Ligand code: ATP
């Protein structure tokens with residue numbers, strides 16, 4: 001449904017050393033929700049704005065459905081109002097002097113459409129119903145909560161019956177509880193309508209929750225892509241592993257490997273890991289272990305635990321994070337128990353779960 005080839009965007013300026021979008025190839029299949037995920041400044045929003053026609057690329061090609069909307073080779077550029085898209089911004093962009101339904105009707109009454117009021121209102125009410133706001137249709141926009149205003153802006157984007165929905169950090173201005181509710185609402189509406197969607201976020205949890213596919217970006221390029229479960233459980237680059245919250249990383253080298261597994265010699269002993277990509281004996285790797293895959297015990301029942309000392313603990317309500325020094329390395333172990341009873345200075349044995357530890361070639365996925 002969306003095809004992007006060799007997309008490049010450069011902003012001119014004295015301090016600019018790289019392209020904001022640096023040669024992106026991307027396919028979003030029909031009916032799928034794809035997230036562009038990455039740290040601030042990696043080019044997510046610019047990519048979305050290029051798809052929307054809110055920025056003009058320097059090179060490449062963008063196709064939406066069977067229509068080329070931008071091609072540097074063929075000198076094609078279709079403006080934002082002619083693209084079959086609906087856009088939702090972080091800032092809602094809801095007009096304060098209108099009610100909810102007037103906001104949603106606005107695009108239907110303006111531009112080329114100019115529908116008569118009764119038809120525009122009927123369509124607007126359908127869209128408000130879809131986002132669960134029909135009851136509040138006649139409420140002035142300023143009297144709606146942030147989450148409700150964002151749903152108005154989603155309804156407004158949907159009334160144009162776009163082929164593609166583009167969402168730029170739509171949840172960032174909402175507080176935590178509301179963010180989860182609106183996130184679920186967006187995913188529910190997207191799946192119900194089967195609308196092809198690109199969703200920009202810097203929040204990995206949000207990306208995992210809503211995506212069919214996650215695209216990880218760094219420095220204007222795509223570092224990794226895949227279904228949410230794959231990017232979470234089997235990252236192939238160090239950048240992805242860290243970005244997806246695998247905070248424990250241990251350098252080592254491959255002793256044996258095969259069948260997707262590898263034995264890795266680490267400073268504290270040998271560990272069997274899942275191999276990310278092709279590994280060979282002697283390769284330098286970093287082993288990534290999720291905090292929840294690192295267990296702690298006072299006794300070394302397996303004889304293979306790593307000796308460590310508790311440095312400090314952090315309580316999160318449903319779990320504890322224990323920071324444990326093992327040799328020169330500070331590791332984080334997450335434990336889902338009400339009471340663990342370890343404190344600063346306590347000796348412990350640390351055991352990584354071999355089924356989830358991942359060995360990634362040192363430097364893999366780095367964007368220069
Ligand atoms: P964030 O999560 O902070 O919004 P992002 O990943 O969406 O970040 P972009 O907003 O796409 O990143 O920005 C990519 C790069 O392009 C950044 O270095 C940014 O400073 C630069 N940039 C974006 N818009 C402009 C602009 N209008 N003029 C100059 N530079 C820009």
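If the requirement is being assigned by TED's automatic domain parsing to the domain that holds residue 49 and within 26 Å of residue 65 (Cα to Cα), which of these qualifies: 80, 101? Exactly one of 80, 101 is assigned by TED's automatic domain parsing to the domain that holds residue 49 and within 26 Å of residue 65 (Cα to Cα), namely 80. When 252, 258 are checked against the criterion of being closer than 14 Å to residue 289 by Cα and either in the same structural domain as residue 291 (by TED's automatic domain parsing) or in contact with a helix residue (DSSP H, G or I) (Cβ under 8 Å, 6 or more places away or on another chain) (or both), 252 stands alone in meeting it. Filter segment 159-178 down to the residues that are touching a strand residue (DSSP E or B) at 6+ places or on another chain (Cβ under 6 Å) and buried (at least 21 other Cβ atoms within 10 Å of the Cβ), then identify the one that is nearest to residue 82 (Cα to Cα). Once the filter is applied, the top-ranked residue is 164. When segment 6-21 is limited to residues that are farther than 20 Å from residue 80 by Cβ and more than 10 Å from the ligand (Cβ to nearest atom), the one that is modelled with the highest pLDDT turns out to be 6. In segment 41-65, the residues that are over 11 Å from residue 4 (Cα atoms) and in the same structural domain as residue 218 (by TED's automatic domain parsing) reach residues that are in a helix (DSSP H, G or I) and away from the ligand (no atom under 12 Å from the Cβ) with C-beta atoms within less than 7 angstrom, at least six apart or across chains, in these pairs: 52/80; 53/80; 54/80.
Checked against the criterion of being more than 16 Å from the ligand (Cβ to nearest atom), more than 20 Å from residue 166 (Cβ to Cβ) and surrounded by 18 or more Cβ atoms within 10 Å (Cβ to Cβ), segment 102-119 contains one or more residues that satisfy it. Applying the criterion of being over 28 Å from residue 191 (Cα atoms) and more than 12 Å from the ligand (Cβ to nearest atom) to the residues of segment 32-63, the residue that is surrounded by the most Cβ atoms within 10 Å (Cβ to Cβ) is 57. Within segment 64-91, the residues that satisfy the criterion of being under 24 Å from residue 186 (Cα atoms) and more than 16 Å from the ligand (Cβ to nearest atom) are 64, 65, 81, 83, 84, 85, 86.
The values are calculated or read from the model by the stated rules, or taken from the named source; none is laboratory data. Being a predicted model, the structure only gives us computed values, none of them experimental. No Cβ is skipped: glycine too gets one built from the backbone with ideal geometry, and neighbour counts run over all protein chains shown.
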